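Here's the structure we're looking at; comments come further down.
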Amino acid sequence: MTSPAAYDDNNIFAKILRGEIPSHRVYEDEHTIAFMDVMPQAPGHVLVLPKAPSRNLLDADPATLTHAITVVQKVANAVKDVFDADGVFIAQFNEPAAGQTVFHLHFHVIPRHEGVALKPHSGKMEDGAVLAANAEKIRAALG
Ligand code: 5GP
């Protein structure tokens, strides 16, 4: 078994966390942020990230995971309400073989509707105005 690669703070989410790249944020607390995925697989696709640097779930501190999953739950309930979804898909990829493309731990929170297929992962860039409008609704639902 090979050891996982070290965390590289040049990844795009580390830049977002440092405020070097903009994002449509919907939630932030001491340990976590959540923002819109720029290539949503469905309207309302949010990413939840612990601020603590870890490459993925495999090297994360258990306490970090515990807090992050409570934020995932909050965001999942909010997007379910806002998008009147039938369900919510939670996804999390570890290492390229599993589909991970950005190497800072994150959870995908994606509203699902019966009979509506997901768009491809890392597919098409969404219009900024659409992301901003969706983020505003989710922020309002989160209070
Ligand atoms: P992963 O494959 O690592 O689980 O997913 C990375 C996700 O990040 C993809 O869904 C992709 O659409 C999204 N993404 C990639 N670059 C950016 C970016 O610059 N900003 C935001 N908000 N999302 C991004």
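The values are calculated or read from the model by the stated rules, or taken from the named source; none is laboratory data. Just so we're clear, the structure is a prediction, and the values are computed from it rather than from any experiment. Ideal geometry is used to build each Cβ from the backbone, glycine not excepted, and the neighbour counts take in all protein chains shown. In case anyone asks, the SASA skips ligands and DNA or RNA and just uses the protein heavy atoms, side chains included. Shrake-Rupley method; radii C 1.70, N 1.55, O 1.52, S 1.80 Å.
Choose one of Pro43, Pro22, Ala76: the residue whose Cα lies farthest towards the positive end of the charge dipole of the chain (beta-carbon charges +1 Lys, Arg; -1 Asp, Glu; about the Cα centre).
Pro43
Using only Cα atoms, tell me the angle between helix 128-142 and the longest principal axis of the chain; keep it within 0 to 90° and round to the nearest 10.
Its long axis makes an angle of about 90 degrees.
Using 0.36 nm times the number of residues separating Val130 and Lys51, minus their current alpha carbon distance, what extension gain do you get? Please report the intermediate quantities before stating the final value.
Working: separation 79, 0.36 × 79 = 28.44 nm, distance 2.56 nm.
Gain on extension, Val130 to Lys51, equals 25.9 nm.
Where does each of 9-16, 46-53, 78-85 land if you order them by average Cβ count within 10 Å, highest first? Each step should come with its number before you reach the end.
On the way: 9-16: 15.5, 46-53: 22.0, 78-85: 19.2.
Highest mean packing first, the order is 46-53, 78-85, 9-16.
If you roll a 1.4 Å probe over the heavy atoms of the protein chains, what accessible area per residue do you get for the chain, in Å²?
On the way: 7680 Å² over 143 residues.
Normalised by residue count, the accessible surface of the chain is 54 Å².
About the Cα centre, and with charges only on the beta carbon of Lys, Arg (+1) and Asp, Glu (-1), how big is the dipole of the range 12-142? Nearest 20 debye, please. Don't skip to the end; give the middle numbers.
Details: 12 positive and 15 negative charges, 30 e Å.
That gives the range 12-142 a dipole magnitude of about 140 debye.
Does the range 12-142 come out rounded, prolate or oblate by the C-alpha gyration tensor, with a ≥ b ≥ c the root eigenvalues, rounded set by a/c under 1.5 and, if not, prolate when a/b is larger than b/c and oblate if not? If you can, show how the numbers build up before the last one.
Details: a/c = 1.38, a/b = 1.30, b/c = 1.05.
Cα axes put the range 12-142 in the rounded bin.
May I ask you to give the percent of accessible area on the chain that is carbon plus sulfur, with a probe radius of 1.4 Å?
Numbers: 4380 of 7680 Å².
Reported share for carbon and sulfur atoms: 57 percent.
Determine the order of Glu126, Glu136 by accessible area, beginning with the largest, at a probe radius of 1.4 Å.
Details: Glu126 55, Glu136 105 Å².
Solvent-accessible surface, decreasing: Glu136, Glu126.
By how many degrees, 0 to 90 and rounded to 10, does the Cα axis of helix 62-82 deviate from the longest principal axis of the chain?
Computed tilt is about 20 degrees.
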